[in-house]
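All remarks here apply to the structure that follows.
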């Protein structure tokens, strides 16, 4: 499991570039150490499998950018880790969360 304390967001313009088809990248950091990145792929591109080698890379469709950003704005600790049973990375809360909008 990799904990992270901050992130950066990069939204890319059009053109072939280094990673053709990657429209946005979120980099997850623990202090100054990169622990993971989330690559958001344009429609029509074959999305590669997630990687389990550190720093891990999650590959998702660009349509998931709003959902990922909502998770990252969560106030509690977050983690990203590779689930070998599913063969993919999971981005999740690190603690149990109360139910409801007005929790105290």
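The values are calculated or read from the model by the stated rules, or taken from the named source; none is laboratory data. This one's a predicted model, so the numbers in the text were calculated from it and none came from an experiment. Cβ coordinates were reconstructed from backbone atoms using ideal geometry, including for glycine residues, and neighbour counts include every protein chain displayed.
Within the stretch 1-19, the set of residues being in a loop (DSSP other than H, G, I, E, B) and either under 20 Å from residue 87 (Cβ atoms) or touching a residue at least 12 places away in the same chain (Cβ under 8 Å) (or both) comprises 1, 5, 12, 19. Evaluating residue 82 against the criteria (1) modelled with pLDDT of 95 or more; (2) farther than 16 Å from residue 7 by Cα; (3) surrounded by 15 or more Cβ atoms within 10 Å (Cβ to Cβ) leaves one unmet condition, (1). Is at least one residue of the stretch 92-103 over 21 Å from residue 5 (Cα atoms), at pLDDT 90 or above and not in a strand (DSSP E or B)? Checked the stretch 92-103: no residue is over 21 Å from residue 5 (Cα atoms), at pLDDT 90 or above and not in a strand (DSSP E or B).
I'd like the full set of residues that are over 19 Å from residue 82 (Cα atoms) and in contact (Cβ under 8 Å) with a residue 40 or more places away in the chain, limited to the stretch 24-47.
Residues of the stretch 24-47 that are over 19 Å from residue 82 (Cα atoms), as a first pass: 24, 31-32, 41-46.
Of everything in the stretch 24-47, just one residue is over 19 Å from residue 82 (Cα atoms) and in contact (Cβ under 8 Å) with a residue 40 or more places away in the chain, namely 24.
Checking each residue of the stretch 31-46 against the condition of being modelled with pLDDT under 90, on the phi < 0 side of the Ramachandran plot and touching a strand residue (DSSP E or B) at 6+ places or on another chain (Cβ under 7 Å) gives no match. Taken residue by residue, the stretch 48-71 has no member that is touching a helix residue (DSSP H, G or I) at 6+ places or on another chain (Cβ under 7 Å), part of a strand (DSSP E or B), touching a residue at least 24 places away in the same chain (Cβ under 8 Å) and surrounded by 12 or more Cβ atoms within 10 Å (Cβ to Cβ). Is it the case that the stretch 73-82 has a residue that's without any contact (Cβ under 8 Å) to a residue 24 or more places away in the chain and either touching a helix residue (DSSP H, G or I) at 6+ places or on another chain (Cβ under 9 Å) or not in a loop (DSSP other than H, G, I, E, B) (or both)? Looking for residues that are without any contact (Cβ under 8 Å) to a residue 24 or more places away in the chain and either touching a helix residue (DSSP H, G or I) at 6+ places or on another chain (Cβ under 9 Å) or not in a loop (DSSP other than H, G, I, E, B) (or both), one finds none in the stretch 73-82, hence no.
Residues that are over 12 Å from the mean Cα position of the chain (by Cα) and at pLDDT 95 or above: does the stretch 62-70 have at least one? If you could, list the steps in order and put the result at the bottom.
The initial filter retains those residues of the stretch 62-70 that are over 12 Å from the mean Cα position of the chain (by Cα), namely 63.
Checking the rest, the ones that are also at pLDDT 95 or above come to 63.
Within the stretch 62-70, one or more residues are over 12 Å from the mean Cα position of the chain (by Cα) and at pLDDT 95 or above.
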